[in-house]
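Single-structure report; data block below.
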Amino acid sequence: MSTLRCIRGDGFEVSHSIDKCPKENDFASHIHDGYELFCLVKGDVDYVVEGTLYRLKQGAIMLMRSSETHNLVVNKSTEYERYVLSFMPSFITSNGFSRELLSPFRERGLGEKNLYLSSEFEHVSPLLFFEKIFSEAECVGERNAVLSNLASLLCEIKIAFNKKGDEQVGARQTENEIIAFVNDSLTRDITIQAIANHLHISESQVSRIFKKATGTSVHNYIITKRLILFNKKIAKGKGVTEASHECGFHDYSSFYRLYKKRFGTPPAKRH
């Protein structure tokens, strides 16, 4: 991967990247602490969010929040170019903008209403939006360029989100039921056997369906989501030991190793 341009600041990061010959194995299922806007510039790729497959077109925007696993699907190994803007919710709310701008991220089910085609926007081109960030950064400063343009795009996304209404996503029912059950059980002891018993299917079916839907195993998915949940609890003032226990980590030493491997620092030092 070649990163052509990147702007990074407190609470945000925006990048412009390209892969000449993308390979699907290079884009594993992952999850972020904050929110993400992905915009496709070029490439024959699709996106999977929590088991929902989205067909992408040039200029399409994908929204992901901290609780959503997502991964790229490479259809053809042709040149793949994109913009990615990741930000923490506080980057918007602490700078005078309404929390309502974030409702398209928050007020929907996992893997629902993630995709917005360029034709759904009336007053802004997603590709032009990212170009403006980089072109205006030298004139008004990087932070101001990102904040002002992001707020404008979020307004357009909010309008498009409201127009989507109660549309249904195309993920299969069993996939949705497995993912929903796992997310509802994150803080409890949960096994593949428990999932299988709940849905009246075999354990091998659970593993196969889940892997196909999310791109990762049930175990890795649960660990990742619990770590994200831990960060949220810490941010609200919980103690490290108490928060880890509430998130389903009953062995602190194991939790410590998992956290340090995932984030690169001990839990107490990250917040």
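If I filter the stretch 159-169 for residues that are under 27 Å from L229 (Cα atoms) and either in contact with a Gly (Cβ under 6 Å, 6 or more places away or on another chain) or in contact (Cβ under 8 Å) with a residue 24 or more places away in the chain (or both), do I get at least one hit?
Among the residues of the stretch 159-169, at least one is under 27 Å from L229 (Cα atoms) and either in contact with a Gly (Cβ under 6 Å, 6 or more places away or on another chain) or in contact (Cβ under 8 Å) with a residue 24 or more places away in the chain (or both), which makes the answer yes.
Using beta carbons and a limit of 6 Å, which pairs, at least six apart or on different chains, have the first residue in the stretch 9-31 and surrounded by 16 or more Cβ atoms within 10 Å (Cβ to Cβ) and the second one part of a loop (DSSP other than H, G, I, E, B) and of a type in the set (V, I, T)?
Close Cβ pairs (under 6 Å, with a partner that is part of a loop (DSSP other than H, G, I, E, B) and of a type in the set (V, I, T)) amount to S29/T69; S29/T216; I31/T69.
Out of the stretch 128-143, which residues are over 27 Å from L117 (Cα atoms) and either in a helix (DSSP H, G or I) or outside the structural domain of S94 (by TED's automatic domain parsing) (or both)?
E138, C139, V140
Looking only at strands (runs of 3 or more DSSP E) that fall completely inside the stretch 5-78, which ones have 2 or more residues that are over 28 Å from Q173 (Cα atoms)?
Output list reads 12-19, 35-42.
Which ones in the stretch 85-100 are surrounded by fewer than 19 Cβ atoms within 10 Å (Cβ to Cβ) and either under 18 Å from the mean Cα position of the chain (by Cα) or not small (G, A, S) (or both)?
First, the residues of the stretch 85-100 that are surrounded by fewer than 19 Cβ atoms within 10 Å (Cβ to Cβ): 88-90, 93-100.
M88, P89, S90, T93, N95, F97, R99, E100, listed by residue number.
Table: residues versus (1) closer than 21 Å to G141 by Cα; (2) touching a Gly at 6+ places or on another chain (Cβ under 9 Å); (3) of a type outside the set (V, I, T).
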| site | (1), (2), (3) |
| --- | --- |
| D10 | yes, no, yes |
| V41 | no, yes, no |
| T52 | no, yes, no |
| N71 | no, yes, yes |
| L85 | yes, no, yes |
| S90 | yes, yes, yes |
| G96 | yes, no, yes |
| E107 | no, no, yes |
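For I179, which of the numbered conditions (1) surrounded by 16 or more Cβ atoms within 10 Å (Cβ to Cβ); (2) out of contact with any Gly (no Cβ under 7 Å at 6 or more places or on another chain) fails to hold?
(2)
The conditions are (1) farther than 23 Å from L102 by Cα; (2) surrounded by fewer than 22 Cβ atoms within 10 Å (Cβ to Cβ); (3) touching a residue at least 40 places away in the same chain (Cβ under 8 Å), and L72 fails exactly one of them. Which is it?
Failed condition: (2).
In this structure, is S207 exposed (fewer than 15 other Cβ atoms within 10 Å of the Cβ) and small (G, A, S)?
Working: exposed (fewer than 15 other Cβ atoms within 10 Å of the Cβ): no; small (G, A, S): yes.
Taking the combined requirement at face value, the residue does not satisfy it.
Please state which one of P126, P104 is touching a Cys at 6+ places or on another chain (Cβ under 6 Å) and either in contact (Cβ under 8 Å) with a residue 12 or more places away in the chain or under 30 Å from I179 (Cβ atoms) (or both).
On inspection, the qualifying residue turns out to be P126.
The values are calculated or read from the model by the stated rules, or taken from the named source; none is laboratory data. This one's a predicted model, so the numbers in the text were calculated from it and none came from an experiment. Because the Cβ atoms are built from the backbone with ideal geometry, glycine has one as well, and the counts that use them run over all protein chains shown.
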